[in-house]
1. Tell me, what are the semi-axes, in whole angstrom and largest first, of the equivalent ellipsoid of the range B:344-415 as set by the roots of 5 times the Cα gyration tensor eigenvalues?
2. Express in whole angstrom the spacing between the alpha-carbon centres of the range A:155-205 and the range A:209-248.
3. What accessible area per residue, rounded to a whole number of Å², is obtained for the range B:253-398 using a probe radius of 1.4 Å?
4. Rounded to a whole number, what % of the accessible area of the range B:9-337 do carbon and sulfur atoms account for, probe 1.4 Å?
5. Find which of B:Tyr91, B:Gly76, B:Ile342 sits farthest along the positive direction of the dipole of chain B, computed with +1 on the beta-carbon of Lys and Arg, -1 on that of Asp and Glu, about the Cα centre.
6. I'd like the mean, over residues of A:97-110, of how many other protein chain beta carbons sit within 10 Å of each residue's own Cβ.
7. Could you tell me the calculated FRET efficiency between B:Phe335 and A:Glu74, based on Cβ-Cβ distance and R0 = 51 angstrom, to the nearest 0.05?
8. Cα centroid distance between the range B:136-206 and the range B:43-83, in Å?
Amino acid sequence: MGILEVKNVGKRFGGLQALSDVNLSVAEGTVHAIIGPNGAGKSTLLNCLVGKLIPDTGSVSFEGQSVLGRKPHEINQMGISRVFQTPEIFGDLTVMENMMIPCVAKRDGAFSLKAYGQMMRDTEIVERAEHMLEDMNMADKREMHAASMSRGDKRRLEIGMCLAQEPRLLLLDEPTAGMARADTNNTIDLLKQIKDTRPITIAIIEHDMHVVFSLAERITVLAQGTPLVEDTPDNIKGHPKVREAYLGESSGH
Amino acid sequence: MTDQTTDTIPAATTSASPKAGGGLLGLTKKDFGLFLLVIALTMLAPFLLNPFPENSAMAQFNAGYPDLMQRFVIFGIFAIGFNILFGLTGYLSFGHAAFLGVGSYAGIWAMKLLTLNVIPSILASMLVAGLFATLVGFISLRRSGIYFSILTLAFAMMSFALAYSVLTPITGGETGMQLQYFDPRILDAALEPGQTPRANLFGLDMATSTNLYFGNWVFTLNVGYYIAAFCMLIAFYLSIRIFRSPFGMMLRAVKSNQNRLNYTGISPKPYTLAAFVISGMYAGLAGGLLVAMDTQVGAERMFWTASGEVVLMTILGGAGTLIGPVLGAGFIKYFENIVSKINEATLHTWFAFLPDGLEDVVVAMIYPFVGKGWHLTLGLLFMAVVIFLPGGLVQGGQKLVGLFRRKKADDKTASSHTPAE
Ligand SMILES: Nc1ncnc2c1ncn2[C@@H]1O[C@H](COP(=O)(O)OP(=O)(O)OP(=O)(O)O)[C@@H](O)[C@H]1O
Ligand SMILES: [Mg+2]
């Protein structure tokens, strides 16, 4: 059984059946890509995994435990971290503070009323955050305002923040969308390095086939809210149904 | 606005490297310096605020009399607390005067039922205001942005209405509450009929004052002021600790990006609620101190304009900065009490040196902005600050300091963060 099990999930928006009968199993320690044409329901599916949306039917379980009915922060504390399509970071805070927050979340949980101690003298958190910044090659940006960084750096920081929580499942929604080629390649290298050095499972939604085929070990193709096929990258490349439903249309972007 | 206010905070927070010891009392060197400065200013206020000789024409600009100085520090506390909510989380409450009022009523009841000693009274103020803030916060924080503001405003207006009429038996309604010689006061000895009950600290009367005379100068040292000032120093110290704590960082994270916070495993609601309750207790402390100073309460203390005033104080001084709210409170209270007292006759004496016709014109032009028109001046000033100094008076101060520094050391590149708070 996979670390993430999605069974018969359906989600309807008004008259639109965005997801129907989605079954997906992500094996522990793999990189699993979810691809599909625009509007296929990829983001909707991801939102159902992290508690942003509640599916109408079906079940979602992580490490054998159901995530349904839990709030986003609770699901995160179970061990699922999420990277957004546009980087979501704390723009008003420094890079260092951005990195400290997930470290605090990991150690102290969803809420702790530590209103008296000095944050910057909490050596355990400071060291962990500094270590993560070094891992992300961002130590020199420590005191920068996060909002003032380039988009590529913001993405790098966001991924670093997710990793600082040591999640067992990392979800990425089009992490390279709108990125220049160089930034995209940097992100691919970063993700490769992450999967080689950490015991982590990665599920990634991506339009860029270069990214998908560089990283993925399994690929699920979603079309009109239902999985079309699931296979290895090599088999997906030649799959006639996929060519017809997805790769044929993908010339548009 | 966010740009400016936030500009000051992380710089100040992170400039303290973890290993750098420096200051005392668990503060960084810079924060400790700021704290010392505030201690010095509050302790010397009776002198600093009375710079003009007693009988000079400028004497009416002296602010060093007990009643006004008490207001400076008490409303300073109110604004410091408000800033913990608004400055850090960005949640703009329009109902904080309700907590101040509730604190006042709780304080006066403690003085009626228990003792004239101010300590139980102040503790009761903070406790009851904190409980009320828990209720109001729990409901209002279900929404954010403008809806949150409206909910808090609605609560404040209801509180006012309750105090003004519905709850007359416990609030005194329109006439408010005063102490009476026949109040039960189970911890004190009974007073003689006709004796005036006076608030005290273990027998030390709040109203006790000593006058110091130096030539034409008179300085008044007042017990009530120093007790209130001591409370403000504690309130200020705690606010520095909160700003620099993990909790304070989370509050700034709430303001910056709640979505990311949620997906980082942190629930914003208990953080905002805790900030709301803490700031409510600060307001309660301010309310309790007001009662300790003048032993009376009226419902107008909870009117919505009073809630608006603390918003103005905080923004005028610099929301999200440590010292800003205190400056803003002082500024507004000074205007309210000093500029409002300038009347037409005073203006005529000032401009007596002008030819008669011109004098009348000048006085006629200035008069609308002083005396009863002080709100007009304050309004203009507030607009000017929001437009030109969105970081408030603190930002103005930083700009000045920056100018001086640049003059001094032209070649040294000015750092992007001016660390003066
Ligand atoms: N909150 C919502 N309310 C109504 N309809 C929605 C909502 N979210 C998504 N949809 C619709 O559901 C369908 C699937 O959307 P989704 O965002 O999951 O697609 P996607 O596969 O992520 O597409 P893209 O590649 O463009 O990101 C779309 O038709 C979209 O318009
Ligand atoms: Mg999408």
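The values are calculated or read from the model by the stated rules, or taken from the named source; none is laboratory data. Keep in mind that this is a model prediction, so the values were computed, not measured. Note that each Cβ is placed from the backbone with ideal geometry, even for glycine, and that neighbours are counted across all protein chains shown. Protein only, heavy atoms only, side chains kept; ligands, DNA and RNA dropped before computing areas. Shrake-Rupley method; radii C 1.70, N 1.55, O 1.52, S 1.80 Å.
1. 38, 18, 8
2. A separation of 20 Å, based on Cα centres.
3. Details: 5310 Å² over 146 residues.
Here the residues of the range B:253-398 average 36 Å² of exposed surface.
4. Numbers: 8680 of 12320 Å².
Here carbon and sulfur together make up 70 percent of the probe-accessible area.
5. B:Tyr91
6. On the way: counts 8, 6, 0, 4, 12, 6, 1, 8, 7, 2, 1, 4, 3, 10.
Across the residues of A:97-110, the mean count of other-chain Cβ atoms within 10 Å is 5.
7. Computed FRET efficiency for B:Phe335 and A:Glu74: 0.55.
8. With the range B:136-206 and the range B:43-83 each reduced to a Cα centre, they are spaced 25 Å.
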